[in-house]
1. Out of everything in segment 383-414 that is open to solvent by 10 Å² or more (accessible area, probe 1.4 Å), aliphatic (A, V, I, L, M) and under 17 Å from the mean Cα position of the chain (by Cα), what residue ends up being nearest to Leu495 (Cα to Cα)?
2. Can you tell me which residue in segment 456-492 is surrounded by the most Cβ atoms within 10 Å (Cβ to Cβ), limited to those that are touching a Leu at 6+ places or on another chain (Cβ under 8 Å) and over 27 Å from Leu407 (Cβ atoms)?
3. Looking at segment 418-430 only, could you name the residues that are farther than 20 Å from Glu399 by Cβ, open to solvent by 40 Å² or more (accessible area, probe 1.4 Å) and within 26 Å of the chain's Cα centre (by Cα)?
4. Quick one: is Trp271 more than 22 Å from the chain's Cα centre (by Cα) and either at pLDDT below 95 or open to solvent by less than 40 Å² (accessible area, probe 1.4 Å) (or both)?
5. Which of the residues belonging to segment 541-567 are of a type outside the set (A, V, I, L, M) and either modelled with pLDDT of 90 or more or in a loop (DSSP other than H, G, I, E, B) (or both)?
6. Can you pull out the residues in segment 36-51 that are in a loop (DSSP other than H, G, I, E, B) and open to solvent by 10 Å² or more (accessible area, probe 1.4 Å)?
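The values are calculated or read from the model by the stated rules, or taken from the named source; none is laboratory data. Quantities reported herein were computed from a predicted structural model and do not represent experimental measurements. Reconstructed Cβ throughout: ideal geometry from the backbone, glycine too, with neighbour counts over all protein chains shown. To get the accessible areas, we keep the full protein, side chains included, count just its heavy atoms, and leave off ligands, DNA and RNA. Shrake-Rupley method; radii C 1.70, N 1.55, O 1.52, S 1.80 Å.
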Amino acid sequence: MTQTSIPQNLASADLPDWLARLNPPQREAVLTTDGPVLMLAGAGTGKTAALTARLAWLLRRRLAWPSEILCVTFTNRAAREMRERVGHLIGPAVEGMPWLGTFHAIAAKMLRRHAELVGLTSNFTIIDTDDQLRLLKQLIQAEGIDDKRWPARQLAGLIDRWKNRGLNPADLDTLENESWANGKGQRFYTLYQDRLRALNACDFGDLLLHMLNIFRREREVLESWQQRFRYVMVDEYQDTNAVQYLWLRLIAQNRRNICVVGDDDQSIYSWRGAEVANILRFEKDFPGARVIRLEQNYRSTPHILGAASGLIAENSERLGKTLWTERDGGDRLRVIGVWDATEEARRVGDEIERLEREGCPLDAIAILVRAQFQTREFEDRFLQIGLAYRIVGGFRFYERAEIRDALAYLRLIASPSDDLAFERIWNTPKRGLGDKTLEKLHRFARSQALPMLRAAHDIADTDELPARARGTLIALVRDFARWRDSAATLTPAELARTMLDESGYSAALQAEHTTEANGRLENLSELARAMEEYETLSDFLEHVSLVMDNDANADEAKVTIMTMHAAKGLEFDQVFLPGWEEGVFPSQRSLDEGGLASLEEERRLAYVAITRARKRCTILHAANRRIYGQWTSSIPSRFVGELPGDHVEEETTLAGGASLWRAHWSEHSDPFADAARTNPSRVASRGPGWQRAATAPIDVVPRRVAEPSRSAASFAAKPRADLGIGARVFHDKFGYGVITGQDGNKLEIDFDNAGHKRVLDSFVKPA
């Protein structure tokens, strides 16, 4: 087929208004309908307008029936928006497009037509994450594997990663097989797939993997789908993973009328399985493909675009483009150096208050962080100054599950009568306690008007529960007694770290070996760091109560706080980017685990963050930051040094400032990147050019002796007056017996059939 920008029989005057309004590259992307097209769309260049116009054009020109176009998006929201936009352009014809949707939705619809080819029936069930974990736990327990050392969540993450890469159990190599339970990865993957098949079910990863397997094995099925779709269109192509890429390539190989839209410079989801290589090799996969660059930006000022373009130019793995705008003026990027994270939050808060006084609505302001733990300082500061904010893409710091769990432990240490706290953590992390144990605890606590922790102490000293449950409860009660006594000598932060360690909570997260678990550990570390500012545990818990009560009117304008990853696709007038220091951004964990490839993805993330700003972008870096409970002397991120000086305005009181480090990065090559290029096995090597200073703990809060503690054993027992030695009684579990001894509310009873037992008096009644 030959490629044409505008059909020869179509004059420019015949173009509809919605097409004529597009700029020349956008219009070219719409009208190039034959052959493969890569629409390389930079940030803010109107790629959605071009993509929807292309779909509308295909339908308007009747180049294909609605059912002959495959249009794939990543989210239901994107699919819905595209359908609505096309409907506005050409009317109701778009409603007849059955193949416009997300990867998973389309694959599920296909799979129901061919389910028998993978051992399923057409009414198969799609299980969610909870069901997946429950099923894997059953398999792990049935095989006698230690689920604490090899948790189901870790296995679920591995299986999901294998499926995203298009790997079946038989495709796993030795290294992949060894990645779980010392060489049992392949076996458990096989067991899991067999179990799903027996249940006539599949998980989300199966939807695409099953269809890929069918396409590979059943040539007639593949050819039928290749003939069905005259045109294939894909949004956000840079975010495709291996299985999505292989599935799309097979479908489009016959007609080759595939148009993909994406930006290699905005590929930031490798941790989800996305592979930037998919968009980089598009021209090799489809020889003769036309690459159309959308470079005119409609969002940001020249300085913002110049800074972002100069930064991303440092990446070697990219197709290349230059963003430009017709807008004039605008402020340079500000790079502000501060002393520590507290000053960082104060400075941002002051700036936002000034912007608000000048008429900037809070809804037009965003703070974008690299890691969720960074939000805590801003939340605390904004609470102090009464500045309304919202957390987007996650919970507010003190509302996150792991923080609520830790706070429940701390509340129960401070107040042993806090039954709500007890009910949250009594079996968190998992201790093997079941619902029946909790039911008996509730019944006894109500009958004796005792708090749950005290009830646990009393019932564990009887035969009411199985031996294992009794031992677990005794250990838990002793832990809380010990922690409460320790509160007299430990600072709140030290107490929190001790509790998280001794309770097994941190160990349970560490055992998961997942990105999500690592983030939760970072949040717990930040919680302990926050506690260092308070002299007593009660002072800190009171502060948290005030924060949690800070629920402003939902309709009120608020500053947006979110991660850089969550901000992709959004835009704001004013953007603040805190934490631009080595080890925070770029993330040290990413560098250690992924080498040069991860460094380039971190740089793409910086590019995404900067280009969220319409009018002004402010970058902040701190000379000192508390990480994992230790003060760390930091240097500005290498990304600060890579920003073009013509587009940057520096504000700092720190010696040398960002200009010193910009000179450093320009004069000294990055030893980490050099090592990764020449020897990939040394991806974790770091040279003296950016090595962080040694860390040392600093005790910034004076210790204060707390009030004398009252352990669980100090509660007074309440014996029943209507029961005495020699009385005959009945017990629901043990039957009839005679009381032979009494110690407070604990009875020694010789049961007729169950023998000698020690029970609580609330569980018996006179016979």
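1. Ala401
2. Going through the qualifying residues, I end up with Glu464.
3. Correct list: Lys430 only.
4. No; evaluated as a whole, the condition is false for this residue.
5. Asp549, Asn550, Asp551, Asn553, Asp555, Glu556, Lys558, Thr560, Thr563, His565
6. Correct list: Gly44, Gly46.
Here's the yes/no breakdown for (1) at pLDDT 90 or above; (2) in contact with a helix residue (DSSP H, G or I) (Cβ under 7 Å, 6 or more places away or on another chain); (3) assigned to a loop (DSSP other than H, G, I, E, B); (4) among the β-branched types (Val, Ile, Thr):
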position: Gln384; (1), (2), (3), (4): no, no, no, no
position: Gly393; (1), (2), (3), (4): no, yes, yes, no
position: Tyr398; (1), (2), (3), (4): no, yes, no, no
position: Asp405; (1), (2), (3), (4): yes, yes, no, no
position: Ile413; (1), (2), (3), (4): yes, yes, no, yes
position: Pro416; (1), (2), (3), (4): yes, yes, yes, no
position: Arg446; (1), (2), (3), (4): no, no, no, no
position: Arg470; (1), (2), (3), (4): no, no, no, no
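Per-residue answers, yes or no, for (1) open to solvent by 20 Å² or more (accessible area, probe 1.4 Å); (2) in a strand (DSSP E or B); (3) more than 19 Å from Ala41 (Cα to Cα):
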site: Ile214; (1), (2), (3): no, no, yes
site: Trp225; (1), (2), (3): no, no, yes
site: Met233; (1), (2), (3): no, yes, no
site: Val243; (1), (2), (3): no, no, yes
site: Arg249; (1), (2), (3): yes, no, yes
site: Asn254; (1), (2), (3): yes, no, yes
site: Glu275; (1), (2), (3): yes, no, no
